Amino acid sequence: MQIEEMTEEVFAGHLNTKFYIQLDDRRVELELTRVAGDKSSLEKIEGMERFSIYFQGPGDLYLPQSIYPMQHEALGEFDIFIVPISIRNNRYEYEAVFSKVTKEGMSAQG
């Protein structure tokens, strides 16, 4: 999956599904638990899309913030930067933040 295909709607369509990261001898399972658009009171920038996606991972393995190659049955393979943000129900929670120019924003620039 390319960055242009990574949208809030695409990820929302795969809520509660499994994503995988291969670490040496272990395949780590992360579940997509939440997709949240930017609801801040800051003025929206036309032509930009901003949203976050949240994963829950195993409680016995801490993944430090980094770029990881991720796999998903329907979305394929892609690299993603995730940051650990909390522990819930004895599982680590991770966030990936997206802030990118949309196709409409690119057209307005050209």
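Where a number appears in this text, it was derived from the coordinates with a stated rule and is not lab data. If you're wondering where the values come from, they're calculated on a predicted model, not measured in any experiment. Every residue, glycine among them, receives a Cβ derived from its backbone with ideal geometry; neighbour counts consider all protein chains shown.
Remarks
- Fully extending the segment from residue 77 to residue 4, taken as 0.36 nm per residue of separation minus the present Cα-Cα distance, adds 24.9 nm.
- Exposure proxy ranking for 97, 35, based on other Cβ atoms within 10 angstrom of each Cβ and starting from the fewest, stands as 97, 35.
- Vicinal HN-Hα couplings computed from phi for the stretch 61-67 (Karplus, 6.51 cos²θ - 1.76 cosθ + 1.60; Hz; Gly/Pro x): 9, 8, 9, x, 4, 5, 8
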